[in-house]
Amino acid sequence: MSRPLSGMKVVGKPRRRVDARAKVTGQTRFADDLVLPRMLHCKLLRSPHPHARIRRIDARAALSMPGVKLVLTGADLPIPYGILPVSQDEHALCLSRVRFVGDPVAAVVAVDEITAFEALDEIQVDYEVLPTIADPLEALATPEPKIQPYGEGNVHKKVALEFGDVDAAMAGADHVFEDIFFYQGNTHLAIEQHAAVGAVDPDGKLTLWSSTQTPHYVHRALARVLQIPAAHIRVIAMPNGGGFGGKSDPFNHEIVVAKAALVLGRPVKTCLNREEVFYCHRGRHPVTMKLKTGVKSDGSIVAMDLQTLLDGGAYGSYGVASTFYTGALQTVTYQVPRYRFRGCRTFTNKPPCGPKRGHGTPQPRFAQEIQLDKIAAVLRLDPARLRQSQLAKPHSLTANYMRLGTISLSECIDRVVEGSDWKNRYGKLPFGHGIGIACSSYLCGAGLPIYWNTLPHSGVQLQLDRSGRVTAFCGAAEIGQGSDDVLANLVAEVLGVDPFDIRLVTGDTDLGPVDLGSYSSRVTLMMGHAAIQAAERARDLIAQAVSAKLEVPVARLVFADRRVFDAQDPARGVSFAEAVQVGEAMHGTLGTTGSYRPPESAAKYKGGGVGPSPAYSYSACVVEVQVQPETGWVEVEKVWIAHDIGRALNPVLARGQVEGSIYMALGEALMEEMDYRRLPRHLSAALVHKFPSMLEYKSPTTLEMPEVITYLVEDPDDAGPYGAKEVGQGPLLPVMPALANALYDAVGIRVDEVPITPEKILRALGDRTAHRCGPKSFPFIEWPEPLRVPPPWEGGDGKAQNEGPRRRREGAIVAPDVAQPGLSPHPSTPEGRREKSDETSPAPELPEVLR
């Protein structure tokens, strides 16, 4: 019954996505489109101070306004939550302290948005202003007051790992290069703003509709904070108008509308305005990097030493994982025999950072690819050949025990080199014109779940009706990336029907099996395998029945063109609908399931859970720029990009993802930044977002989008469904360094930070010595002793030599403000240690709330 890849009817064929018609005709319903009977509206009161203690909240005037139904404060939602088990440090509404401008303090629920918004002005909050931590340097130098009650001062996380003797390898290198880079933070800028609707059904059960990427984790957070059984909560992820990682945390507004719906017994809706979305943030971390690389005279790498310093904002979010990601994938693209990585994430009084497209990896990729270009320049080597000569080996283990699969990066380089006429143009264009190259790699889903367990990461359930209809149920969230199309595509391929014959029910925690969420480019691979398994099980049941009816061996049956027929006599067969009826007559109602769990990682050391993936994608990119040396203005004229996709399930969608990545990357490279300003008049106003609106936060328009030549390089990887690998995030990574390298080819300067603005270009052009603009120093950090893990070629087994015994657990619960009802403090939490902190020793005095 199996069909060779060359005989595929659906997979690999360009076609419109299954939800395209609804989207282009405006029929897709997003969260803010929902209108329920008797629905109320919610608005959040946000802190004007970056750091302050809440002494008193007086909501009496707001509650007395006509149309106001409810005012909630932190006292109504005292249990903390967070996306990671090790950083449960957020509250739906601040209990006793605000930690950034925009932190929510109270919520008003009213008959309409205008009434709720006006009532916010009637709530009086008495704040005691606290000193502000503005950046990582201040965080390192200012241990008190602590922004969070856990961590070392205002350091959230330090990591130190070493694979082989890096110092010895550096000493034996022919050349050692050391550079400092800075990657500015930026935000996702999804067109759709965050929105959520909470409602209670007649049985008293809660339903939340939300623009979320992770309905499973929102479901967990609601059960935890609201203290109601998880089985009584339903989360429906509405189609997202873009996510890019910005909707992958559980958010305070989701919990608030759920709580309000429970209290009032009426639906409650909120839709954030654009300024509030900037406050939610969870975007790209600002990262300062110090990269030291030892090479031989031919440019081959012998050792690498990377230090990263992250500005994490006020809360943990995905920050622990983000810190590891700034170093975990540096060994996956090129051969790095010995590697040391040290990372430090700090707390500051800014909106929290988190995962944005490429999560933690674009920053070190920017540094590594520019430094490789510098190495090529000093050693007088061709930058493309230098990269191609030392690519990581397929099906190998890296120094830090990432298990690699297929790698077609060499072909990717060949494609962009040929397409751009690199050999005849690099270093030979007129002054002001230049081309640059860079490469990258990215994972196809994280190898471990956020909460460690042995359960599947994704599940799919199929129901086959005697009418011939197939319904696919899955918890995966469609966020614009095309996951619904992938699900229909794969099921249709196996069962021999058209993708439009498949009815999809996705992103609903009540109706579909668990999928962990749309993040880390995991859905195509993990949901895809689950879908194929469920479809193959359904096919086998049907085939058994049809075989008996037609008296044809099962092995000769073909499922294609909405029929099931004999491969040797295609006229002998039945329609798919009849085949389902025959199957139902033999087996009863037809329903099957499929699931997927990634293979076990080879990385057994602490921290080895970040980085492993079933497969890795690869990209190569050439960017052509024109620079006006008088003004510093940069125009990107053309981009050539090749992406190792394994197999393109739908080439139309794949190309769209590649081009979307380039668009986002150009914004990060040239103009986007989450910048903050200090207002000197008062300590409390020290950190205000410089431009929290789309009028001032600059991003590219269609006028800035250059011509793009996309090459999809197909080399199927057995780890992916029909050989497919990710395409949603990886193509972004090489664009920023390729542009920076093109700048050097054009005018002979280095800008070692993003965004690369005209001011920085002029500054570098005016630097007659270094011809460079970028950070000049990396701060001193007292690093812990690194975990020492011998690489595989030195007889290592993936375990650290100097690591004590470890035990698996869900993670320590960190209680920021008050202990949770029914939970005792874990010894590793601030309450357990009883460290001296204004929030944990003794317990803080909660603000007086007047209602």
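The values are calculated or read from the model by the stated rules, or taken from the named source; none is laboratory data. It should be emphasised that the depicted structure is a prediction, and the values quoted were computed from it without experimental measurement. FYI the Cβ positions are ideal-geometry reconstructions off the backbone, even for glycines, and counts take in every protein chain you see. For the accessible areas, the whole protein counts, side chains as well, though only heavy atoms, and no ligand, DNA or RNA atoms are used. Shrake-Rupley method; radii C 1.70, N 1.55, O 1.52, S 1.80 Å.
With contacts defined as alpha carbon pairs under 8 Å and 6 or more residues apart, what's the relative contact order of the range 461-596 in percent?
About 32 percent, as a whole number.
Taken one residue at a time, the phi angles of the range 502-518 give Karplus couplings (6.51, -1.76, 1.60, θ = phi - 60°) of 8, 8, 10, 10, 10, x, 10, 5, 7, 9, x, x, 5, 10, 6, x, 9 Hz. Gly and Pro are set to x. Across the range 789-802, rounded Karplus estimates of 3J(HN,Hα) from the backbone phi angles (6.51 cos²θ - 1.76 cosθ + 1.60, θ = phi - 60°) give 10, x, x, x, 6, 10, x, x, 10, x, 10, 7, 6, 10 Hz, Gly and Pro being marked x.
First select every other residue whose beta carbon is under 12 angstrom from the beta carbon of residue 476; then total the charges, Lys and Arg +1, Asp and Glu -1.
Numbers: positive: 522; negative: 478, 484, 485, 508, 515.
For residues surrounding residue 476, the net value is -4.
Here the chain is treated with +1 on each Lys and Arg Cβ and -1 on each Asp and Glu Cβ, and its dipole about the Cα centre works out to around 720 debye. I'd like the projected area of the range 365-404, averaged over all directions, using the convex hull of its alpha carbons. Report it in nm² with one decimal. Computing the convex hull of the Cα atoms and averaging its projections yields 3.3 nm².
Within a straight-line Cα-Cα reach of under 15 Å, residue 799 can be paired with the following aspartates and glutamates, leaving aside sequence neighbours fewer than 8 residues apart in one chain: 162, 600. Solvent exposure of the chain, expressed per residue, is 36 Å² of accessible area, with all protein chains present and a 1.4 angstrom probe.
Only beta bridges with both residues in the chain are counted; by DSSP, about 75 percent of them are antiparallel. Taking a straight Cα-Cα cut-off under 18 Å and skipping sequence neighbours fewer than 8 places away in the same chain, the lysines within cross-link reach of residue 292 are 374, 776.
A convex hull fitted around the alpha carbon atoms of the range 1-70 yields 314 Å³ per residue.
Loop-located trypsin sites (Lys or Arg not before Pro) in the range 609-675 (DSSP state other than H, G, I, E, B) with a sparse environment of at most 13 neighbouring Cβ atoms within 10 Å are absent.
In the chain, a dipole from Cβ-located charges (positive for Lys and Arg, negative for Asp and Glu) runs towards its positive end, and of 586, 488, 398 it is 586 whose Cα lies farthest in that direction. When a 1.4 Å probe is rolled over the protein heavy atoms, the share of accessible surface on the chain that falls to carbon and sulfur comes to 51 percent.
Under the membrane-span-like helix rule (DSSP H runs whose alpha carbons stretch at least 30 Å along the helix axis, mean Kyte-Doolittle hydropathy 0.5 or higher), the chain yields 523-550.
Its residues counted as N, the chain yields a C-alpha radius of gyration over 2.2 N^0.38 Å of 0.96.
Given a cut-off of 20 Å, what percent of all Cα-Cα pairs of the range 292-403 lie beyond it?
Values: 2838 of 6216 pairs.
It works out to 46 percent of all Cα pairs.
Amide H to amide H, with H built 1.01 Å from N, residue 783 comes under 5 Å of no residue 5 or more places away or on another chain. With helices as the sole contributors, the chain gives -7500 deg cm²/dmol at 222 nm; each DSSP H run of n ≥ 4 counts as -39500 (n - 2.57), and the sum is divided by every residue.
Taking amide H as placed 1.01 Å from N in the peptide plane, the amide H of residue 438 sits under 5 Å from that of 621, each at least 5 places away or on another chain. Pairwise Cα separations in the range 461-596 fall into 10 Å bins from 0 onward with the following percentages, short to long: 14, 44, 28, 12, 2. Cross-link partners for residue 549 among the aspartates and glutamates, with Cα-Cα distance under 16 Å and sequence neighbours closer than 8 places in the same chain left out: 540, 566, 569, 578, 584.
Using alpha-carbon pairs under 8 Å, 6+ residues apart, how would you state the relative contact order of the chain in percent?
Values: 2234 pairs, mean separation 152.3, N = 851.
Reported as a whole number, the value is 18 percent.
For the set 541, 310, solvent exposure ranked by accessible area (probe 1.4 Å, protein chains only) runs largest to smallest as 541, 310. Count Lys and Arg as plus one, Asp and Glu as minus one, and take only other residues whose Cβ is under 14 Å from that of residue 696; the net charge is then 0. Summed over all non-identical Cα pairs, the Kirkwood treatment of the range 432-471 gives a radius of 15.9 Å. Taking GluC sites (Glu not before Pro) as candidate sites, keep only those in a DSSP loop with at most 16 other Cβ atoms within 10 Å, then name the longest stretch of the chain containing none of them. No qualifying site falls inside 1-550, the longest such stretch.
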